[in-house]
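Just below is one structure, and these are the notes that go with it.
The values are calculated or read from the model by the stated rules, or taken from the named source; none is laboratory data. If you're wondering where the values come from, they're calculated on a predicted model, not measured in any experiment. Glycine gets a Cβ as well: all are built from the backbone with ideal geometry, and neighbour counts include every protein chain shown. To get the accessible areas, we keep the full protein, side chains included, count just its heavy atoms, and leave off ligands, DNA and RNA. Shrake-Rupley method; radii C 1.70, N 1.55, O 1.52, S 1.80 Å.
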Amino acid sequence: MRGLRSLSVGLLSAFFSTTFGLFFPPHVEQLPTITVQTSGSLIALPYDENFLFKCEAKGNPRPTYRWTKNGMDFDPHKDPRLIKEESSGTFVIPNNKDKAKYQGKYRCYASNKLGTAISEEAEFIVPMVPKFPKEKAEPVVVTEGDSVVLECNPPQGIPPWQLYWMTNDLRHIEQNERVSMGLNGNLYFSNTVVSDSHDDYCCFASFFKIRTIVQKPRMVLRVKPMNSTEGDDGIRSVQKRKPKMLVPYSHSTTHLKKGDELELECIAEGLPTPEVEWIKMLDQLPKRSHIKNFGKLLTIPAVTELDEGKYMCKAKNDLGEDVHHFNVVVEEPPSWQEEPVKSQLAEIGSDIHIKCSATGKPQPTITWKRNGQPLDDFPSTNRKVLDNRIIILGAEQRDTAVYQCEASNKHGTLLANTNVLVMNHPPLILTHNYLEYATMLGKSLMMDCKVFSSPPATLNWRREDPEGSVDGERYSLLKNGSLQIHKVEMEDMGQYKCLASNSEGTASITTELFIKDSTRIVEAPQDMKVKRGLNAELECQVECDPTLRRELEILWLKDEINILSNFSERYFTDDGILQIVNVSNNDQGNYTCIVRTSLDQDTASAYITVLDVPDPPVQLTLTDLKDRSVRVNWAAASDHNSPITEFIIQYEENHWEPEKWKELLRVASSQFSAPLTLYGHINYQFRVIAVNAIGRSRPSMPSERYKTPPCAPDRNPENIKIEGHLPHQMDISWEPLLPVEHNGPGLEYKLSYRLLGVEDSWKEQMVKRHLFVVRDTPTFVPYEVKIQAFNRHGWAPEPRVVTGYSGEDLPLAPPEDVSVEVLNSTLLRVSWSPVPQTTLRGHLGGYTVHWWQTQSLLTSKRIPSERQSLTIPGNRSHTMVLGLKPFSEYSLTVNVFNRRGNGPSSSPISFTTPQGVPEKPPILRATNFQKNSITLVWAPPHETNGFLTGYLLQYQIVNDTLGELNSVNITAPDTTQWVLHDLREENSYEFYLRACTQVGCGSAISEEGITIPEAFVHNISTFVSDTSARISWRTSGERSDLQLYVTIMNHMSSKQAGGTQEWFVGMMCAVALLTLLVLIGCFVMKNKGGKYAVKEKEDSPADPESHGMGEETPGEYSDNDEKPLKSSQQLFRDKEDDSSEDFSMTSEDEDCEFNEDGSFIGEYSGYKRRESTEVNGHAPVTS
């Protein structure tokens, strides 16, 4: 490595010790250091179980412990009543009756062969139960107007305590400007009155820590009425006097510690009672100051140097004043100006400086010790002691010790132990060898090289692999030996060596630096708004160096607080996704995703806004209270991120519907008060609901109740109904007032009615219900009616008059002048004259037209009456009747009806409907497809609507385009089939058939059909084995979707089953020959229009194996049961039902079939095909 540039530094042991704390390797001897100790005061309270004095220390060799009590040796191990810890100097004093003997000041000493460390002093205090001395106080007798002091003299005890004065029956002595208790517990009377006389003045002292209250024996105070003098007005009065201080007695200086509470007290006697005023000389009283105890006590908490100075209290009355001055001095306990070094490592022959600088008020006294003993006990020629430091010149190993510095004044003591170790040691690198460091590009890195050595070692850093310089602005060698690289670059990756050397030897370590990819968030969480109660999801996707993937950690914070450790179980995290279940308002906030590895981290934040219904309005008040109105006022609360759109004001009253809230008013969101109009005699309370886009808030707290005075009703009943359910009565009903609208007690209704235009006077009835029946009225005559509300406080306004009619009765007369006009075979126009009002006897409901068919003109048969009707509401005198049957005879009547019922019907009128066009034929089938002809078969229409004159048959080619439409008029009405000739070979046709009468032809039914080419079967061959027979053939022609028929006959009986093989072979040959003959015959018959299947393509799919065959298509049949032909499978399933030797077509109803020549027999409706041929009872096989 010659020629490489390097960076070096010399390490000072003193720097290590003062700044970073000196670390000693485990095998290096060390001075004792106190690590755990008890200091201050330890008070033995009665409820404590025991009292622990701790003392633990570290060092090499392990320290041993001893104690002193009040400066004398104290060995806890010699006292069996104490509990000791063997691994330390700690011991425990049990809380028993002998604990008082352990009272005193304790100190622990921890020692090994190098020196001794000492603990701070701890005082064990065993408080005695405070008691007032048993003494009998003589009665205190004073004259009215004199001042007097009742002394308390409380016993000493553990603070804090409280003093107070009471009587024997535990009534507090009332205190005021004239009578008050001082800080010392005495009860001061600035002047007395006769009522101050009591025989049981008692002073109580309460000690909180020991839970004790003590009472001083009662004192007697008697105030004699004064020997008064007579004034100028002839009235005898007490002699007045100017103020005089009772407390304090003389000029005083108050010393207190910084941070304590200052208490200055001035109590004066005089008549009239003096008033006390406080002043700070040459300054103002601090703002923190408080005046207490009726002006007699000035307190300032946590005093500082600024509170020092002169204070004055002034007591004054009408006759003069008295003043007192206080000099306040604020002092401080000792504190370190510069905290002493805890450990120093020095090489042999060096100079050692131990500094101990403290401040305080009064100035602390510095005391030095060595190993817990006064420094003067260890004379030395190379040591100098100055005011606040020790200097050891040319240190030797014998100067190794623990040096103690104590800084003391009257407010406390500070103790510092300084370990001084004088030795020489070769460099010992404390950092592990072959450490690996990793960082990211652009970041700073620190590689450690901590060294223990004496004298201080010189450190040298250099690049090893690859070789390179550690000089430059980016490299810094720190005083603790670490190498810092700023803004790491890729070229910094590699090995580094740290070399340490001193006069005692050398040491080195090697480290290696790796550069990693940065950790970064590639998909950050987004701000979102979510309704309360729904779920929220934040996504935080990250990329990092592959080698750091295992240690990658994703944390979620809410408002800087870790979610998983501080929030409920509604939060779930999985692979960078934070899910919040059942979002609440508390979930609103800023969410931060932290992705981190051991080397770096990245963060991203999003804000979740929770939308919720508003909080209930608050501060609900009522103002402007009037008899019939009030103003309600409120303040809006939080809208939970969705603006309030309106407020709903509700009311509740506790008489009619208690605890039921009803809406009264809605106001805009900008209003926070609203005037309300109220009903009388209602005890109201109100509440307000806020509304936003999410929904309604909970109601506000209800207002106080407000009861309105009673008054007359504001309105009369509405929706008055006048009806007559019976001919000679009139039913009057109305919508009653709501209970809250009564406005007062005793609500009734005055019902007034009279005949319209006949009677001048009103008939009146007072009713409480909202229904009244007027009996014995004429039938359907007009009445005037009015209803007025009334309660005990008056009448409602004058009601309006409504008109209605008395009860109705059935109409007396039918409509007249009924006439009909037949518009076509199914439509009729009916008209009549309206029924006069005199015979209607009620409100016109309308008219009803009845009609029924009496005869069909086609068959001349009478038809049973089946009445149909049509209701025409209102005052109409004509209508249209639809849906009549053509060529029929009908009868028709008309009647009027009212609310009571139907009137009599008019005389029946007869009329006939003309012929119409027939319905379309129910079925049309194309059959017997030949090369140039097709046979059409159909059924006649169910309803001919007249005399059938024939059929109109039309057809056209429907290949790629529609051909010319051809027509055939069939004039024979009984015709049900037709053969069309001269058709084009191998073309698709569409056929249309209409039935006709004299009026015209009806709707058409359509059917498709295809002409077919010629085809032949040839090259028939057979093969017969012992168990099967195989028949093969080929077809030729332009048709590939032919249907071939194969018949098998089995002439073997059960008796012949065991015949010879030759007989079986001969039999099978005969079967094959017979099959061939039948096959040829079937083919010929099919071409002649014989045995065929209707619309075969619809009912059985074409054999896929036959697609694409040319003129010669091979065919094959096997009687092997394992492999039946496709077209025969259905036949095999149905063979048990077949019994005919001929081919036949059977409908679903089994009641219609075709003859072999295609003629139609019977009534034809939806049908299915079934084909069969049977020889000797065996089912045929088709192919």
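How high is the FRET efficiency from residue 342 to residue 261, r the C-beta distance, R0 60 Å, rounded to 0.05? Could the numbers behind the result be given before it?
Working: r = 35 Å, r/R0 = 0.58.
Efficiency for this residue pair is about 0.95.
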Ranked output for segments 1025-1031, 483-489, 412-418 by mean other Cβ atoms within 10 Å, highest leading, reads 412-418, 483-489, 1025-1031
Solvent-accessible ranking of 955, 47, 65, largest area first, probe 1.4 Å: 47, 65, 955
How about residue 369: which lysines have a C-alpha closer than 26 Å to its C-alpha, ignoring those fewer than 8 places off in the same chain? 54, 58, 69, 105, 113, 342, 355, 361, 384, 410
Given charges at Cβ of Lys, Arg, Asp, Glu: the range 343-417 dipole, positive-most of 350, 375, 415: 415
Carbon plus sulfur fraction of accessible area for the range 781-938, probe 1.4 Å, in percent: 49
When ranked by the protection proxy of mean other Cβ atoms within 10 Å per residue, highest first, what sequence do the peptides 878-888, 856-866 form? 878-888, 856-866
Can you give me the accessible area per residue for the range 457-513, using a 1.4 Å probe, in Å²? 45
Residue-normalised value, i.e. accessible area per residue, for the range 345-398 at 1.4 Å probe, in Å², stands at 56
Report the local net charge at residue 394: Lys and Arg +1, Asp and Glu -1, summed over other residues whose C-beta lies under 13 Å from its C-beta. -1
Work out the length of the dipole vector of the range 872-995 about its Cα centre, built from +1 on the beta-carbon of each Lys and Arg and -1 on the beta-carbon of each Asp and Glu, and round it to the nearest 20 debye. 900
Per-residue HN-Hα couplings for the range 861-868, Karplus 6.51 cos²θ - 1.76 cosθ + 1.60 at θ = phi - 60°, whole Hz, x for Gly and Pro? 8, 6, 10, x, 5, 10, 6, 10
Probe 1.4 Å - accessible area at residue 174, Å² to nearest ten: 140
Check: C-alpha center the range 673-714 vs C-alpha center the range 561-577, spacing in Å is 45
With all protein chains in place and a 1.4 Å probe, residue 670 shows an accessible area in Å² (nearest 10) of 90
Sum up the charges of everything whose Cβ sits under 10 Å from the Cβ of residue 790, counting Lys and Arg as +1 and Asp and Glu as -1, but leave residue 790 out. +1
Which lysines, if any, have their Cα less than 27 Å from the Cα of residue 861, not counting same-chain residues under 8 positions apart? 885, 920
Share of the range 560-686's accessible area from carbon and sulfur, percent, 1.4 Å? 46
Anchor residue 662: lysines whose Cα lies under 22 Å away (excluding residues fewer than 8 positions away in-chain): 626, 707
How much length is gained on full extension from residue 45 to residue 965, taking 0.36 nm per residue of separation minus their Cα-Cα distance? 318.6 nm
Under a 5 Å amide H to amide H cut-off, with H placed in plane at 1.01 Å, what residues pair with residue 424 once short-range neighbours are removed? 348
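For every other residue with a beta carbon closer than 9 angstrom to the beta carbon of residue 727, add +1 if it is Lys or Arg and -1 if Asp or Glu, then tell me the sum.
Net charge in that neighbourhood comes out at 0.
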Tell me the accessible surface of residue 161 in square angstrom (1.4 angstrom probe, heavy atoms of protein chains only), to the nearest ten. 110
For the range 113-272, which whole percent of the accessible surface, found with a 1.4 angstrom probe, sits on carbon and sulfur atoms? 49
